[in-house]
Amino acid sequence: MKKIASFIVNHDTLEKGMYISRIDGDIVTYDIRMKKPNNNDFLENAAMHTFEHLFATYARNTELASNVIYIGPMGCRTGFYFLVRDSITHEQSLKLLQDCFEFVKNFDDEIPGTKKEECGNYLEHDLQGAKNIAIDMSEVLRNWTVEKMTYAK
């Protein structure tokens with residue numbers, strides 16, 4: 001079998017940030033890298049789970065919601081995949097992410113979708129952990145640009 005695109009990226013040189021992972025037809029996959037790979041520092045499950053709930057809720061309540069396809073964590077626990085239709089520009093996607101991180105770091109309410117009937121792991125959540133992820137990534141993406149969205153060679 002041929003290697004998939006995400007396994008071709010050199011994880012030894014990959015830094016935190018937002019990258020265009022792939023474009024398939026009208027679907028753009030972004031790599032939202034929140035931890036430096038293979039650095040023994042991974043997203044904690046409960047914090048990552050809460051971040052997912054808040055990220056998905058926020059993104060699906062914006063004017064761009066109809067073009068958001070998927071938001072989900074990477075199995076390696078170093079970031080998230082964010083899939084959108086290409087009718088959302090890279091600039092709009094970056095702005096949406098920046099706004100999302102601001103939303104999460106300032107969130108102080110009941111976490112959406114955390115009732116037993118709404119979530120398959122409703123007891124494993126960590127709001128402060130999710131906020132810490134957002135605080136860190138807000139700094140990482142503060143001066144991020146579309147030009148920085150290409151993986152380093």
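Which of the listed residues, 145, 68, 103, is farthest toward the dipole's positive end in the chain, when Lys, Arg count +1 and Asp, Glu count -1 at the beta-carbon?
The residue sitting most towards the positive pole is 145.
Go through region 8-18 residue by residue and turn each phi into a ³J(HN,Hα) via Karplus (6.51, -1.76, 1.60, θ = phi - 60°); whole Hz please, and just put x for glycine and proline.
8, 5, 6, 6, 6, 10, 6, 10, 4, x, 10
Let me check I've understood the local charge: for residue 24, count other residues with C-beta under 13 angstrom from its C-beta, Lys and Arg +1, Asp and Glu -1. What total comes out? Present the calculation step by step, with values, prior to reporting the outcome.
Details: positive: 22, 85; negative: 26, 86.
Residues near residue 24 contribute 0 overall.
Where does each of 142-153, 73-84, 18-29 land if you order them by average Cβ count within 10 Å, highest first? Could the numbers behind the result be given before it?
Details: 142-153: 11.3, 73-84: 18.7, 18-29: 15.5.
In decreasing order of mean packing, 142-153, 73-84, 18-29 become 73-84, 18-29, 142-153.
Decide, for region 1-79, between rounded, prolate and oblate: order the square roots of the alpha carbon gyration tensor eigenvalues as a ≥ b ≥ c, take rounded if a/c falls under 1.5, and otherwise choose prolate if a/b is larger than b/c, else oblate.
On the way: a/c = 2.25, a/b = 1.18, b/c = 1.90.
Oblate.
Residue 69's amide H: which non-local residues (gap 5+, or another chain) put their own amide H closer than 5 Å, with H modeled 1.01 Å from N in plane and none for Pro or chain starts?
83, 84, 85
Provide the FRET efficiency to the nearest 0.05 for the residue 119-residue 22 pair, computing r from the beta carbons and using R0 = 25 Å.
E between residue 119 and residue 22, to the nearest 0.05, is 0.30.
For region 5-140, what is the convex hull (Cα atoms) projected area averaged across all directions, in square nanometres? Please list the in-between numbers first.
Details: hull surface 33.5 nm².
Result: a mean projected hull area of 8.4 nm².
Let me spell out the model: positive unit charges on the Cβ of Lys and Arg, negative unit charges on the Cβ of Asp and Glu, origin at the Cα centre of region 5-140. What dipole size does that give, in debye rounded to 20? Provide the component values of the computation, followed by the final result.
Details: 13 positive and 22 negative charges, 48 e Å.
Dipole of region 5-140, to the nearest 20 debye: 240 debye.
Readers should treat all values here as calculations from the given coordinates under stated rules, not as data from a laboratory. If you're wondering where the values come from, they're calculated on a predicted model, not measured in any experiment. For neighbour counting, all protein chains shown are included, and Cβ atoms are generated from backbone atoms with ideal geometry for every residue, glycine included.
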